[in-house]
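This is the structure I have questions about; it appears just below.
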Amino acid sequence: MLRSGRVTVNGAIAALGDSADAETDMICVDGRPLCRPGKKTYIMLNKPRGYVTTLKDEKGRRCVNDLVSGAGVRLYPVGRLDMYSEGLLIMTDDGELANRLMHPSTEIKKTYHAWLDGECSERSLEILRSPMTIDGYRIRPAEIEVLHKGSDYTMLSITIHEGRNRQIRKMCRVAGVKLNRLKRVSEGALQLGPLETGHWRYLSNEELQDIL
């Protein structure tokens, strides 16, 4: 099996003489992981635009589970990114953890990079930093940092606490700015980092401790 390239360790084809730890490494044969009784799977996906954060879509749109089939287990997204948003998405088969992370009481900070059309005025920035009501709910003030400001576009770092449905898009409408692109880059202590768009990786032990 090794000589024919049927065995992989953490996604890389294994060779004779290689070593692996079944407790910490993902060992697969013909793309299927070796069974690890009682183990749960936790991954980070860099979701591309154009995918919906569901396991199946009645409209036939592409779903995030199409991107993580290589994990070998049925994973569920923790929270949502709308179809036109991208970036960090946690997926797991640990339902208890997923429910806890998604509960409003946790208020895990989420940071996004937002690309706005044209130069964002100081008045619009002031509105974005102020408390506002979205869908009848009073949200806490967002943390706004200007990463780039020019006549062609403005790039902001926006940190929110609640993560309500399409919250940042609605905030931008209130502030009178046009949002062209939205990417989640961190959630709590988790950082998207250099993970390429459309790719995924297992969470490290340190990252797991942070979210568990």
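The values are calculated or read from the model by the stated rules, or taken from the named source; none is laboratory data. What you see is a predicted model; the values in this text were computed from it and never measured. Cβ atoms come from the backbone with ideal geometry, glycine included; neighbour counts cover every protein chain shown.
Could you give me the residue pairs with C-beta distances under 6 Å whose first residue belongs to the range 27-50 and is more than 19 Å from ARG80 (Cβ to Cβ) and modelled with pLDDT under 95, whose second residue is assigned to a loop (DSSP other than H, G, I, E, B) and among the hydrophobic types (A, V, I, L, M, F, W, C) wherever it lies, and which are 6+ apart or on separate chains?
Sorted first by the residue in the range 27-50, then by its partner, the pairs are ILE27/ALA20; ILE27/LEU34; PRO33/MET26; THR41/VAL73.
Give me the strands (runs of 3 or more DSSP E) completely within the range 146-202, filtered to those with at least 3 residues that are in contact with a Phe, Trp or Tyr (Cβ under 8 Å, 6 or more places away or on another chain), ordered by residue number.
153-160, 179-187
For VAL78, only one of the following conditions fails: (1) modelled with pLDDT of 95 or more; (2) under 30 Å from ARG32 (Cα atoms); (3) among the β-branched types (Val, Ile, Thr). What is its number?
(1)
Evaluate the following for ASP135: is it within 16 Å of LEU182 (Cα to Cα) and among the acidic types (Asp, Glu)?
No: the conditions fail for ASP135.
Looking at VAL177 and the list (1) outside the structural domain of LEU97 (by TED's automatic domain parsing); (2) buried (at least 19 other Cβ atoms within 10 Å of the Cβ); (3) in contact with a helix residue (DSSP H, G or I) (Cβ under 9 Å, 6 or more places away or on another chain); (4) closer than 18 Å to GLY87 by Cα, which single condition is not satisfied?
If we test VAL177 against (1) outside the structural domain of LEU97 (by TED's automatic domain parsing); (2) buried (at least 19 other Cβ atoms within 10 Å of the Cβ); (3) in contact with a helix residue (DSSP H, G or I) (Cβ under 9 Å, 6 or more places away or on another chain); (4) closer than 18 Å to GLY87 by Cα, just (4) comes out false.
Still on this structure, please answer the following. Would you mind telling me which numbered condition in (1) in a helix (DSSP H, G or I); (2) at pLDDT 95 or above GLU207 fails?
The failed condition is (2).
Could we say that HIS148 is assigned by TED's automatic domain parsing to the domain that holds ARG80, surrounded by fewer than 16 Cβ atoms within 10 Å (Cβ to Cβ) and either modelled with pLDDT of 95 or more or within 27 Å of CYS63 (Cβ to Cβ) (or both) here?
No, not satisfied.
Continuing with this model, one more query. Go through (1) free of Cβ contacts under 8 Å to residues at least 12 places away in the same chain; (2) exposed (fewer than 11 other Cβ atoms within 10 Å of the Cβ); (3) assigned by TED's automatic domain parsing to the domain that holds VAL174; (4) not in a strand (DSSP E or B) and name the single condition GLU126 misses.
The single condition GLU126 does not satisfy is (2).
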